[in-house]
1. Any residue in the range 32-40 that is part of a loop (DSSP other than H, G, I, E, B), at pLDDT 95 or above and more than 11 Å from the chain's Cα centre (by Cα)?
2. Would you confirm, using the coordinates I've provided, whether residue 45 is assigned to a helix (DSSP H, G or I) and modelled with pLDDT of 95 or more?
3. Given the structure, is residue 40 in contact (Cβ under 8 Å) with a residue 12 or more places away in the chain and not small (Gly, Ala, Ser)?
4. Going through the range 1-42 one residue at a time, which ones are in contact with a His (Cβ under 6 Å, 6 or more places away or on another chain) and loosely packed, with under 11 Cβ neighbours inside 10 Å?
5. Given the criteria in contact with a Phe, Trp or Tyr (Cβ under 7 Å, 6 or more places away or on another chain), within 13 Å of residue 52 (Cβ to Cβ) and not aliphatic (A, V, I, L, M), does residue 33 qualify?
6. Would you please list the contacts, defined by Cβ atoms under 7 Å and residues six or more apart or on different chains, that run from a residue in the range 1-17 that is closer than 17 Å to residue 31 by Cα and at pLDDT 95 or above to a residue that is surrounded by 11 or more Cβ atoms within 10 Å (Cβ to Cβ) and among the acidic types (Asp, Glu)?
7. Taking residue 64 as the residue in question, decide whether it is surrounded by fewer than 17 Cβ atoms within 10 Å (Cβ to Cβ) and either modelled with pLDDT under 95 or at positive phi (or both).
Amino acid sequence: MASERTQRQIDRLLDEAEEAMVHRDWAALHQHDQDALMLDPDNQDARNFVAAADRALDDSSAATVAP
C-alpha cells in the first residue's frame, strides 16, 4: 500500500489525467497515467485511462493517414 505522500502524488497525477481527458489531450493523458503507474503499477484507474488514451491515439493516427 502506498504511503500517504505517494498516494497524494498518484491522486494529483490522476486529476491531471482527467483534465487532459476533458481537453482530449490524449498524449498528456497517457503520460500522466504512465507516471501514476510508475508509483502504483496496480492502479486500475490509471490502467483504464492508459487504455483509453492508447485507443484514442491509435484512432487519431489512423484518421490522419489517407489511403
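The values are calculated or read from the model by the stated rules, or taken from the named source; none is laboratory data. Quantities reported herein were computed from a predicted structural model and do not represent experimental measurements. Cβ sites come from the backbone with ideal geometry, for glycine too, and all protein chains shown count toward neighbours.
1. Yes, the conditions are met somewhere in the range 32-40.
2. Answer is yes for this residue.
3. Yes, satisfied.
4. Answer for the range 1-42, where residues must be in contact with a His (Cβ under 6 Å, 6 or more places away or on another chain) and loosely packed, with under 11 Cβ neighbours inside 10 Å: there is none.
5. It is true that residue 33 is in contact with a Phe, Trp or Tyr (Cβ under 7 Å, 6 or more places away or on another chain), within 13 Å of residue 52 (Cβ to Cβ) and not aliphatic (A, V, I, L, M).
6. 10/40; 13/35; 14/45; 17/33
7. yes
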